[in-house]
1. With a cut-off of at most 12 other beta carbons within 10 Å, and DSSP calling the residue loop, which trypsin sites (Lys or Arg not before Pro) in region 18-125 qualify? Please list them.
2. Restrict the search to region 62-102; then list the GluC sites (Glu not before Pro) that DSSP places in a loop and that have at most 14 other Cβ atoms within 10 Å of their Cβ.
3. Given H placed on each backbone N at 1.01 Å, which residues far from residue 42 in sequence or on other chains put an amide H within less than 5 Å of it?
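Bear in mind these aren't lab numbers, they're just calculated from the coordinates by the rules spelled out. Please read these numbers as outputs of a predicted model, since none were measured by experiment. Using ideal geometry, Cβ is built from the backbone for each residue, glycine included, and neighbour counts are taken over all protein chains shown.
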Amino acid sequence: MKCLECGEKLEKTKGNYQYKESGLNNILLVDIPIYRCASCKETEVEIPGTKELHMLIAFLLLFKPTHLTGAEARFLRKSMCYTEEDLANSLGIKRVTVSRWENAKGEMKKDRDKHLRLFFMNKKSNEFIEAPGIMQIIKTLLSSLPIEKDMTNLKIHPEDWAALSTA
């Protein structure tokens with residue numbers, strides 16, 4: 001593999017990676033393949049099975065014991081490929097309410113939090129059933145129980161999801 005910046009060969013290592021691309025600031029991927037260029041110091045990260053990783057993150061969010069944060073609600077909405085308008089129409093609320101949840105400008109009431117979680121499960125149920133590695137996700141989830149109320153440092157190892165894409 002060659003560096004996109006300088007064209008030199010990249011060296012493969014393993015390390016931890018803060019997975020901010022998920023839209024969540026508390027996801028730390030542990031022992032992920034990282035490619036570094038010795039010449040220009042550029043790095044590239046390899047995240048295998050992102051679909052399965054996102055499924056695992058969604059399950060962890062669905063079963064966390066506290067209210068969803070705005071970023072977590074946005075993660076679930078985007079996982080369903082819904083716009084704010086789509087979600088609002090589906091939940092029978094105004095789009096501005098969804099926007100306020102996601103931007104932490106309005107608290108999501110307990111019943112709406114539950115409704116969003118149930119709606120997500122119903123919307124994604126066929127995808128979950130058809131996923132070849134769903135049992136591995138459930139085992140990983142069960143091994144994480146009880147899920148901490150404070151999910152500020154959620155560490156996820158590649159073996160928790162990467163094998164799912166080949167299962």
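1. Taking region 18-125 and a limit of 12 other Cβ atoms within 10 Å, the loop trypsin sites (Lys or Arg not before Pro) found are 41, 105, 109.
2. Nothing satisfies the criteria.
3. 37
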